[in-house]
């Protein structure tokens, strides 16, 4: 490989890592409201804009990130970075994900009393809660529509049953996760043997 080709490869690598860092940084900076908010942001950036993942890979990534201990956004960034560029990609995505909350919390800690008592900050946080709720509902509706189009009634029954059990009967969410996991395992094994 010539020197020019090596420089071109190095430049494209640097461009890729910068793109990964920048996109992950922005997603982390705007993920307000919990782990589920990351799903539409990941889809918009990595599926729709960059084409690095497809919808199924994105949902699998978030599912794995959610099942691991720790913050969903950080876990998802590490998995995405590792999938895209190995250990260096994982470290790049990790740094980009940790920086926005680190900077935000550092600024808030310097003037905590002002932030805690400021009514405008409270109003802004309430507005962010509403926006995060709207994003989560949008993702849920999108997932339901995809399952409906595929005519996969078993996953729809699991989704509805889980919601009803938790919302109306106050069944422990951890118990529901275990039950849903077992039902999914039975469903997938049955589907695999049915082929």
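The values are calculated or read from the model by the stated rules, or taken from the named source; none is laboratory data. Values in this document were obtained by computation on a predicted structure and should not be read as measured data. Reconstructed Cβ throughout: ideal geometry from the backbone, glycine too, with neighbour counts over all protein chains shown.
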- Where residues in the range 12-33 are surrounded by fewer than 17 Cβ atoms within 10 Å (Cβ to Cβ) and over 13 Å from residue 81 (Cα atoms), which of them is farthest from the chain's Cα centre (by Cα)? 12
- Message: Among the residues that make up the range 109-126, is at least one of them touching a residue at least 40 places away in the same chain (Cβ under 8 Å) and assigned to a helix (DSSP H, G or I)?
- Response: no
- With the first residue restricted to the range 14-43 and required to be over 12 Å from residue 95 (Cα atoms) and in the same structural domain as residue 72 (by TED's automatic domain parsing), and the second required to be outside any helix (DSSP H, G or I) and at pLDDT below 80, Cβ contacts under 7 Å at 6 or more apart or on different chains are 37/31; 38/31; 41/31
- Boolean, residue 180 is part of a helix (DSSP H, G or I), surrounded by 12 or more Cβ atoms within 10 Å (Cβ to Cβ) and outside the structural domain of residue 43 (by TED's automatic domain parsing): yes
- Query: Going by the structure shown, is residue 96 crowded, with 19+ Cβ neighbours inside 10 Å and either within 10 Å of the chain's Cα centre (by Cα) or not in a helix (DSSP H, G or I) (or both)?
  - Reply: no
- Query: With respect to the numbered conditions (1) in a helix (DSSP H, G or I); (2) buried (at least 17 other Cβ atoms within 10 Å of the Cβ), which one is the sole condition not fulfilled by residue 60?
  - Reply: (2)
